[in-house]
Structure formats: structure tokens, C-alpha cells
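The structure appears below as C-alpha cells.
The values are calculated or read from the model by the stated rules, or taken from the named source; none is laboratory data. Please read all numbers here as calculations on a predicted model, not as lab measurements. Every residue, glycine among them, receives a Cβ derived from its backbone with ideal geometry; neighbour counts consider all protein chains shown. These accessible areas exclude ligands, DNA and RNA; they are computed on the full protein's heavy atoms, side chains included. Shrake-Rupley method; radii C 1.70, N 1.55, O 1.52, S 1.80 Å.
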Amino acid sequence: MTRPWPRRPRLVAGNWKMHKTAPEAAALARELVMLVGGARPRCEIALCPPFPALSAVGEALRGSPLHLGAQNLHPATHGAFTGEVSGLMLAALGCRFVIVGHSERRHGMGENDELVAQKLRAALRDGLTPIVCVGEILAEREADRTAEVLVRQTQAAYAGLDSAAALATVIAYEPVWAIGTGRVATVEQAREAHQILRATLDRVVGQGTAARTGILYGGSVNAANAAALFADEEVDGALVGGASLESASFWRIASAASSATEAG
Ligand code: PEP
């Protein structure tokens, strides 16, 4: 089981998706380490490169405050699962985080709520902090079904977990219509969704859990809109795709999160 957060965390995680070869990824990681310099950011920062780049990026991050994360894992620790990677293997490479249930896997690779729940438990078992992604597609928002989807996905992922286990996770609210589209959710939309997630978590796992669980927003976060999102007390950070592929923009987002921690 992973360690629970000592307090509600603030985290900015870069999801590099299927971008960058190992040497390119290591170069980007080194740029970020340079930008951090001697600073002690008041937020956690994680980089989630593709599997083949994990080792090189881990090497580049060594001795820095930045964490290594992966984008996916298989529920089993080992076995006849051609092409898959286990949490045990990721932990052995130095990963601290793993993204679970990203919409590109739910909607593009057929991952259902049950598989996401298995992966969440596997991450905890293998000593990783899962970043559990939930979010509605555009048609669901337009049909006023956002709350229903968020409750279903959260309930399915967390049912049966105790508070200590839930506190060793991070949730990412990622409206699918905002991912990679340049159409960011408003602060009000993010706040409302995060409040639904907190209420669901408290109901499913136990009262008081949600107040100590980090909930990130993800979906077209960039250097220009991050500070406004982080200023809302419901938003504990961001899962960042496109804007994490360039060191200056990602660093500006992380800096905005760090400043929000100081202000809060
Ligand atoms: C993501 O991939 O999780 C994401 C939020 O992407 P983008 O920031 O590009 O919308």
C-alpha cells in the first residue's frame, strides 16, 4: 500500500501521451530540472512519459524534486500478458505515480469501470499513487448527465476501499470535451464537478476522506489559464497534456500551482 498524503496534496502532472522518443524525453526532463534549479516548489510535480522513456527520464530526474509517473499499468504483477506492463515493473523503475482510467483509454481502448477499478487497486498494491481519471463526454454534459457519470465512475473505482487507501490516490476530473481541444472548463464547471466527486468519495469511502484527497483538473490547461483554476479552493492541481510537452509552459503551470499553495 502506498503512503497516504500528509495533507491535501497539490500536484501538477504532465501526461506526455505517445510523444517523444527516450532521448527527446530525457532532454525535456533535463530542461525542467534546470528550470526548477534550486527552487523548492510548493507543489508536487510529476512527469509521465511513454513506457520506453521512463528509464531515461528517471535518470534525468535523479536528485531533483520532480517525480516519475507512468500512463497505464496492467492489473496483474506478472504473467502471460503480451505487450503489457505491471505496476511492479513501474515501481522498480522509480515511478511514484501512474495514470489510471484516462479517457483516451476508456473511450479509445475500451477500458470499462471494472478494469479501471482493478488498475487502481493494482497501483496501490504495487506502491504507486494512482491518478484516477474521471469525466464526461460532450454528449453527456449536453444531456445534463455529468453528475450521473462522475458518480458512477467514482463509485465503481472506489467501492470497497477504505479511507486510508483512498487517501493514497489522486483524482483527476477530466471532461473529455476539454482534452486536447483548447476548450478549457470554466472555473465554475471544474468546481461543481470537484464538489460532486468529493461528495461521492465521502459517501463511498467514508466521511472526511474527500477533504484530504487531491482532485486535479485536466483538459486544455495552459500557462495562461492555470492560475485562475488553481485559485479555486476545489482545484488541487492539474493533469496537463499538450502544454506539458514544452518545458517553459509546463514550468509556468507548475509555478502557478506553487504560488497558489503559498497564497492558500
Ligand atoms: C490529458 O491528456 O490528460 C489532457 C488533459 O490533455 P490536454 O491538456 O492536452 O487537454
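Quick notes on this one:
- Cα centroid of region 41-104 to Cα centroid of region 124-161, whole Å: 21
- For the set M109, M18, M34, solvent exposure ranked by accessible area (probe 1.4 Å, protein chains only) runs largest to smallest as M18, M34, M109.
- Solvent-accessible area, 1.4 Å probe, carbon plus sulfur percent, for region 52-200: 54
- Cα gyration tensor of the chain - equivalent ellipsoid semi-axes, whole Å, descending: 25, 22, 18
- With DNA, RNA and ligands ignored, accessible area of H107 (1.4 Å probe; Å², nearest 10): 110
- Solvent-accessible area of I196, all protein chains in place: 40 Å² (probe radius 1.4 Å, heavy atoms, ligands and nucleic acids excluded).
- Computed on the Cα atoms alone, the convex hull of region 55-163 gives a volume of 132 cubic angstrom per residue.
- Principal axis dimensions, largest first and in whole angstrom, of region 160-264 by Cα: 40, 31, 23
- Computed helical MRE - 222 nm, the chain, DSSP H runs ≥ 4 contributing -39500 (n - 2.57), nearest 500: -12000 deg cm²/dmol
- Taking all Cα-Cα distances within region 1-94, those exceeding 18 Å account for 49%.
- S55 accessible area, assembled protein chains, probe 1.4 Å, Å²: 70
- Debye-sum result for region 216-264 in log10 I(q)/I(0), which assumes one identical scatterer on each alpha carbon, at q = 0.23, 0.32 Å⁻¹: -0.72, -1.30
- Selection from G219, H102, G160 lying farthest towards where the dipole of the chain points positive, charges on Cβ: G160
- Accessible surface, per residue, of the chain when the full set of protein chains is kept, probe 1.4 Å, Å²: 42
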